[in-house]
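The values are calculated or read from the model by the stated rules, or taken from the named source; none is laboratory data. Just so we're clear, the structure is a prediction, and the values are computed from it rather than from any experiment. Counting neighbours? That spans all protein chains shown, and the Cβs are built from the backbone with ideal geometry, glycine included.
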Amino acid sequence: MTVRNILKKMLRILLSRWKLILVILAVLALGGWWYYGKTQAAKISQTFVRPTQENLVKTLQVSGVVDVTEKARLRFIAGGKITYLGAKEGDQVKKGQTLAIIDRATLQKQLNQDLNNYMKERWDFEQGKDDVPERTLTDAERRDLDKSQWDLENQVLNVEIRDISIQNTVISAPFAGILTVSPTNVTGVQLLATDAFELVNPETLIFVAKVDEADIAQIKTGQLTNIVLDAYLEKNFKTAVDSIAFTNSQSTSGTTFEVKFPLSQVADRGLLRLGMNGDANIVLDERQNVMTIPITATKQRDDKTYVDVKTSDNSTQEREIQVGLENDDTYEVLSGLSLDDEILLPE
């Protein structure tokens, strides 16, 4: 078959199937257009950033509550009827100020009764000794004499206990502070031995946080801390780590250690109230004027860190870098980049 015949045959096939051929060409054209658009869109959507020079701070955030180091729970040993109140709940009190007095008349009469019982037991004991002739005592006589001795000692204890109760008919403030709890605000009320007055010293305000044992090794006394309370989210109360508990405590989240931050000298201290919740942002480390990049621009492989750096032909080239300090968002770059490099920031 000659070339001329072959061409004629191919022409007849094309003419008979021209519609199919047009469809195929249209599909190929659309596919090429879609692929080109996708490639161009991918190029356009790429975002590059340059390293920046800044101060980098690494912090640890822990939750806690406002408390005080000086607080006292005061109560009457035996209870009794309130005859005097020197302060009411919420009042500021001075050191040594009388907070309350209970009626001591009943206690005094009970003391007199105990003294009478003591004298009776003492005379019975002396009489028992006189009744025993000067000879070796039998076991029964020795037991009777011992029981008399014990009865006498018990009466002595009763007198001493009653005297202590009388001495404790007055409650005074052991330090200056605020009376935060009072079982009554009126006199004439009968208090039980379990009823208590609570006194706190606002000059000893602290923030107490629970730090997980996995993080406690990073905490050191003196580390600067910013405390943000739920009640004042726009304020930072600046303080520092004051103490770290030597013993641990158990919580629902596991083993923790108590860390305390003083608040007595912070600005706006008058805004603070016991029991306020918040977070302490402890400064663990800080570097001045270092090169930094976003952590999201990096990738990890075989314990090494890489970034994609923009090349002169607008493509990218992977490059290994050395990183140092990091916080939640940023890496310190020790080597491998310059401030003029552009690195790819993945979408």
Residue, surrounded by the fewest Cβ atoms within 10 Å (Cβ to Cβ), within segment 311-327, restricted to residues that are outside any strand (DSSP E or B) and in contact (Cβ under 8 Å) with a residue 12 or more places away in the chain:
ASN314
Tell me, please, whether a residue that is modelled with pLDDT of 90 or more, surrounded by fewer than 11 Cβ atoms within 10 Å (Cβ to Cβ) and among the charged types (D, E, K, R) can be found in segment 234-249.
yes
Please specify each residue of segment 292-310 satisfying the condition of being in contact (Cβ under 8 Å) with a residue 60 or more places away in the chain and within 13 Å of THR330 (Cβ to Cβ).
THR292, ILE293, PRO294, ALA297
Of the residues in segment 182-206, those that are among the acidic types (Asp, Glu) and touching a Pro at 6+ places or on another chain (Cβ under 6 Å) number 1
Kindly indicate whether GLU258 is free of Cβ contacts under 8 Å to residues at least 60 places away in the same chain, outside any loop (DSSP other than H, G, I, E, B), of a type in the set (D, E, K, R) and not assigned by TED's automatic domain parsing to the domain that holds GLY177.
yes
Only residues that are in a strand (DSSP E or B), closer than 30 Å to ILE101 by Cα and not hydrophobic (A, V, I, L, M, F, W, C): list them for segment 192-240, please.
GLU198
When segment 231-247 is examined, which residues are found to be without any contact (Cβ under 8 Å) to a residue 12 or more places away in the chain and of a type outside the set (Val, Ile, Thr)?
LEU233, GLU234, ASN236, PHE246
When the residues of segment 190-211 are filtered to those that are modelled with pLDDT under 95 and either of a type in the set (Asp, Glu) or surrounded by fewer than 16 Cβ atoms within 10 Å (Cβ to Cβ) (or both), which remaining residue is farthest from THR247 (Cα to Cα)?
GLN190
Examine segment 113-127 for a residue that is of a type outside the set (Lys, Arg), modelled with pLDDT under 95 and part of a strand (DSSP E or B), and state whether such a residue exists.
no
Among residues belonging to segment 86-106 that are within 37 Å of the chain's Cα centre (by Cα) and assigned to a strand (DSSP E or B), point out the one that is surrounded by the most Cβ atoms within 10 Å (Cβ to Cβ).
ALA100
Only residues that are assigned to a strand (DSSP E or B) and either among the hydroxyl-bearing types (Ser, Thr, Tyr) or in contact with a helix residue (DSSP H, G or I) (Cβ under 8 Å, 6 or more places away or on another chain) (or both): list them for segment 288-307, please.
THR292, THR305, TYR306, VAL307
Would you check which residues across segment 315-347 are of a type in the set (Gly, Ala, Ser) and at pLDDT 90 or above and list them?
GLY324, SER335, GLY336, SER338
